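Data first, discussion second: the structure below is written as structure tokens.
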Amino acid sequence: SPTLPSILTFLADFLLVPFFQTPLKKTNALIAQMGMTFLNAYVPSALCCPSRASILTGKYPHNHHVVNNTLEGNCSSKLWQKIQEPYTFPALLKSMCGYQTFFAGKYLNEEKNSKYYNYTLSVNGKARRHGENYSVDYLTDVLANMSLDFLEYKSNFEPFFMMISTPAPHSPWTAAPQYTKCFQNVSAPRNSNFNIHGKNKHWLIRQAKTPMTNSSIQFLDDAYRKRWQTLLSVDDLVEKLVKKLELNGELDNTYIFYTSDNGFHTGQFSLPIDKRQLYEFDIKVPLLVRGPGIKPNQTNKMLVANIDLGPTILDIAGYDLNKTQMDGMSLLPLLRGDKNETWRSDFLVEYQGEGYNGSNPTCPGLGPGVTHCFPDCVCEDSYNNTYACVRTLSTSWDLQYCEFDDQEVFVEVYNLTADPHQINNIAKTIDQEILEKMELPINDAAVLFGATCRTPGVFDPGYRFDPRLMFSNHGVRARRFSARPL
């Protein structure tokens, strides 16, 4: 049997935290209770494609250049495939570390597979069509069976890396037949930021209609309930794979990760359902890890991000991280309980808004640039929903500082110690000494908002943002920031 540990990673499509409030009871018992739960795990971009690119490359979006879910935003582009993909951590595991590798599920967003029935899979480059028969076509179960087959027929003389990326709980939230009646009394959380006006926030948040209509609230509650129903099949998948590893005698020498590519909001600040915003509910994700040398039932409060997954997994495989250009840090010392006084206290959150020059046909009154609009003209994104934030978490500070790339250079600042649901933007009232401490790292991260990359904003009909302006001549400076404590 291989001496190097094997690695199994489960990646779900946007999940809420805290994890114990999800329906994934088996996953909690088999991974969280048998290992470590990271309580402060984040993504550097709260959207599928840039977040997944960060997982694969270990880089911030301004370094891997995938800035949103569009082809123009470099999602699954030929440039990505040529420049970034060969240096993703799974590619390095296979080419440099001798690992067998297996991927099943949603990769990047140009692969249109956020469905449960009636989809086409690419199986080693060959198209395989699936219909609507639950017993053979339900996607979560198909991914489980393909993964079990890999574990059954792989070589026993080389370590393996598996990544299983379930579209669930993505829309259209189609539950397996046996789970469609579950959670009838479950509704979206009613935190203090639910169904309130986002006063003193960026204009995109302020445009949401408050209070939400009864039909909007019913819609988001139904969506939340259906998401939970789809996750029960994910829970079954995790259980099947862990039991198979145990049956094979491989469980004790396998690291198992469970995480998500972004969070999700359901009614916060009267935004119906989506992600891509800068707030905790969209950027915070679960991260559970079990494996050799990890004690059970542990929690960790260190500030970690999905850019750390690649370096961690390569570190497990014995690869020299100095040979990579990754922005993240290996979590292996934290997982083993080593004291690390140099761990980060801040990291970047960044996003380039989607949108197009013309008016949205459903909401012409909002002008050009808005997108992802609901029937009552509450829109979830726009051209100038483009921002960079520094999220700071240390023994002294629990803060977030954000700047928007718009005409007013709008700023949002939150003290999460006093205001964990980020209701009060204190940008205009914060103590000057604290503000200066927060501005220091954002100035170091001027990669996103230097004078050369200011853009006219959403209401300029001739505006077309050039993503290259976000990246040129700034890579070294931004990378130096990424691992530097305040």
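For segment 1-57, residues that are under 27 Å from Glu158 (Cα atoms), out of contact with any Ser or Thr (no Cβ under 7 Å at 6 or more places or on another chain) and in a loop (DSSP other than H, G, I, E, B) total 6.
Checked against (1) small (Gly, Ala, Ser); (2) crowded, with 24+ Cβ neighbours inside 10 Å; (3) over 24 Å from Asp315 (Cα atoms), Gly73 passes all but condition (2). Here Lys295 does not qualify as surrounded by fewer than 18 Cβ atoms within 10 Å (Cβ to Cβ), modelled with pLDDT of 95 or more and in contact with a Leu (Cβ under 8 Å, 6 or more places away or on another chain). Looking across segment 413-436, the residues that are farther than 22 Å from Phe194 by Cβ and assigned to a loop (DSSP other than H, G, I, E, B) come down to Ala427, Lys428, Thr429, Ile430, Asp431.
Only one of the numbered conditions (1) charged (D, E, K, R); (2) within 30 Å of Ser382 (Cα to Cα); (3) open to solvent by 60 Å² or more (accessible area, probe 1.4 Å) is violated by Glu85, and that is (3). If you go through segment 386-435 and pick out every residue that is of a type in the set (A, V, I, L, M), more than 19 Å from His202 (Cα to Cα) and surrounded by fewer than 15 Cβ atoms within 10 Å (Cβ to Cβ), you end up with 1.
For every residue, the table says whether it meets (1) closer than 23 Å to Gly367 by Cβ; (2) at pLDDT 90 or above; (3) hydrophobic (A, V, I, L, M, F, W, C).
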site	(1), (2), (3)
Asp419	no, yes, no
Asn425	no, yes, no
Lys428	no, yes, no
Glu433	no, no, no
Asp460	yes, no, no
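Working only within segment 219-271, note down all residues that are touching a Cys at 6+ places or on another chain (Cβ under 8 Å) and open to solvent by less than 10 Å² (accessible area, probe 1.4 Å). Within segment 219-271, Asp261, Asn262 meet the criteria. At least 1 residues being over 25 Å from Gly267 (Cβ atoms) and of a type in the set (D, E, K, R) is the threshold, and among the strands (runs of 3 or more DSSP E) wholly inside segment 290-385 those reaching it are 346-351. Answer yes or no as to whether Leu335 is within 26 Å of the chain's Cα centre (by Cα) and surrounded by 15 or more Cβ atoms within 10 Å (Cβ to Cβ). Against the criterion (within 26 Å of the chain's Cα centre (by Cα) and surrounded by 15 or more Cβ atoms within 10 Å (Cβ to Cβ)), Leu335 qualifies.
The values are calculated or read from the model by the stated rules, or taken from the named source; none is laboratory data. Computed from a predicted model, the values in this text were never measured in an experiment. Cβ atoms come from the backbone with ideal geometry, glycine included; neighbour counts cover every protein chain shown. We work out accessible area using only protein heavy atoms, side chains counted, and drop any ligands, DNA or RNA first. Shrake-Rupley method; radii C 1.70, N 1.55, O 1.52, S 1.80 Å.
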